[in-house]
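Asks: One structure follows; several queries about it will come next.
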Amino acid sequence: MAFKKEPIRFDYNNMMSDYVGEKGITPAELKAYKDAAKSAFEAVKAGRGQNMMGWTELPYNQSEVVEDIIATAKDIRKKYDYFVVLGIGGSALGPMAAFQALCHLHHNELPKSKRKAPKFYVEDNVDPERMAALLDVIDVKKTMFNVITKSGSTSETMSQYLIITDIIKKELGGDLASHMIATTSESKGNLIKIAQKEGLKTFYIPDGVGGRFSELCPVGLLPAAVLGIDIKNMLKGAAYMDKKCSSDNLSKNSALTAALLQYIAMEKGCNISVMMPYADSLKLMADWYAQLWGESLGKAVDLEGKKVNVGQTPVKALGVTDQHSQVQLYTEGPFDKVITLIGVDEYRKTVVISDGCEDIPGVNFLCGHTMNELITAEMNATEYALTRSGRLNNRIMLPEVNAYTLGQLMMFFMLQTAYTGALMNIDTFNQPGVEEGKNATYALLGREGYEAKKEELNSRKEKDAKYII
Ligand code: PA5
């Protein structure tokens, strides 16, 4: 299907003091931070493709695996009615965001002839009711499961794996390889051992690609390809953005400029980053961004080990829905937020608002307009209201939502995150806080090797009943 292969645009007028007044950023401030931005750019450039920055090369170094993914996906589409991702966090949020963005918004409810791809589910939790509900709606015989875990040991994912494997073995006579594909690290963890023992088709997560930076590797590409998403154009979009951001010139490198603006805003006390797409299709992009931004930038220490406790709390919102929920707070509450609106020039459908209520001008003015005009007007109106009340906001415009623009958007946010982390002088790519929770779970459930952690947990201060009412 032909689609707009055009650049996305980052508009930061309303971050500037000329537009939002005293809380805004002045051109002089931008100039004062120019060298800091240049150093951040150089640090990211120097790190490309190394250590945990393997994600920068994903648009360029996967031609072989992409062909394998496309062939595997074609086969899955032919043979299976359901495709279920078992995974959590970075192994689930990207596939969910791409699905929401690029498939029909009621994909699973469409008849098979219109869907042209299996029904799609992602088990991004260990809520027993969610697992039971999944099992109520799928037919395991007609399902391909994709178990995704970089570490190969995450409790949530491995428990999902165990439950599903047991069902497959009991109900289908042990034919695991026909119903499960593994996506994991080639060199570490338990899933790779299991995959080899069970003879599972396996895709590898490159060593230098962390969970939240993994959508453009097989973690995201296989589910996307199964859904019929044009993964080559997704990677092309990412490459386009990467190239666009290949200089330290702030007027060209949009991700670097976006990073610098957020960094200055944080310095001014704006410690909340609201992500508010004006498109249901991009709703889960805000979830994906929340993990990327929160887990990458929320850190206790800087690169020298000094205690800093930094980060900007990501908040997920949806336009226009949250205009009727959170925007009151954004326009009149504390000056502690940067609001990023994501807009779309051309929605993929046009819906005309029908004629009616001729005798009620307060309703009739809507007639003849389209919902497209209405949602765009509402985004412009919210932007105006935020700006009028002096709130820092910016917007990213997508010519339309498609694989190419989504690839650009994801690469933009990943680069922005890397630059911001460099400006903050922190390790953007670790997640000791997440590991701590994982280790405590292992200890609580009696995993071997975690006895000391269990002791530590057992010696924690008892809760006082008087505080439980
Ligand atoms: O970004 C990260 O590294 C984490 O949030 C992981 O994605 C998440 O914990 C799941 O880890 P894994 O893929 O190892 O199961």
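Asks: Does GLY319 satisfy the criteria of being in contact with a strand residue (DSSP E or B) (Cβ under 6 Å, 6 or more places away or on another chain) and within 16 Å of the ligand (Cβ to nearest atom)?
Replies: In short, no.
Asks: Given the criterion assigned to a helix (DSSP H, G or I), touching a strand residue (DSSP E or B) at 6+ places or on another chain (Cβ under 7 Å) and not assigned by TED's automatic domain parsing to the domain that holds ASN380, identify the matching residue among LEU282, LEU222, LEU261.
Replies: LEU222
Asks: Looking at the range 166-191, which of its residues are open to solvent by less than 10 Å² (accessible area, probe 1.4 Å) and either of a type outside the set (A, V, I, L, M, F, W, C) or in contact (Cβ under 8 Å) with a residue 40 or more places away in the chain (or both)?
Replies: Matches in the range 166-191: ILE181, THR183, THR184, SER185, LEU191.
Asks: Now a separate question. Residues of the range 202-245 being of a type in the set (D, E, K, R), open to solvent by 20 Å² or more (accessible area, probe 1.4 Å) and farther than 15 Å from LEU406 by Cβ, which ones?
Replies: Across the range 202-245, the qualifying residues are ASP207, LYS243, LYS244.
Asks: Then there is this: Residues that are among the basic types (Lys, Arg): which helices (runs of 4 or more DSSP H) entirely in the range 3-104 hold 1 or more of them?
Replies: 27-32, 34-47, 63-79
Asks: May I ask you to verify whether LEU58 is out of contact with any Ser or Thr (no Cβ under 6 Å at 6 or more places or on another chain), more than 16 Å from the ligand (Cβ to nearest atom), farther than 25 Å from VAL140 by Cβ and touching a residue at least 24 places away in the same chain (Cβ under 8 Å)?
Replies: Here the answer is no, as LEU58 does not meet what is asked.
Asks: Got a sec? Which helices (runs of 4 or more DSSP H) wholly within the range 400-469 have at least 1 residues that are open to solvent by 70 Å² or more (accessible area, probe 1.4 Å) and touching a Lys or Arg at 6+ places or on another chain (Cβ under 8 Å)?
Replies: Correct list: 432-444.
Asks: Here's a check for you: in the range 199-221, which residue that is of a type in the set (A, V, I, L, M) and within 13 Å of the ligand (Cβ to nearest atom) is nearest to the chain's Cα centre (by Cα)?
Replies: VAL219
Asks: Shifting gears a bit: How many residues are in contact (Cβ under 8 Å) with a residue 60 or more places away in the chain, buried (at least 17 other Cβ atoms within 10 Å of the Cβ) and touching a Leu at 6+ places or on another chain (Cβ under 9 Å) when one looks only at the range 7-42?
Replies: Residues flagged as in contact (Cβ under 8 Å) with a residue 60 or more places away in the chain, buried (at least 17 other Cβ atoms within 10 Å of the Cβ) and touching a Leu at 6+ places or on another chain (Cβ under 9 Å) within the range 7-42 amount to 12.
The values are calculated or read from the model by the stated rules, or taken from the named source; none is laboratory data. Small disclaimer: the values here were computed from a predicted structure and weren't measured. A quick note on method: Cβ atoms are made from the backbone with ideal geometry, for glycine too, and the neighbour counts reach across all protein chains shown. Protein only, heavy atoms only, side chains kept; ligands, DNA and RNA dropped before computing areas. Shrake-Rupley method; radii C 1.70, N 1.55, O 1.52, S 1.80 Å.
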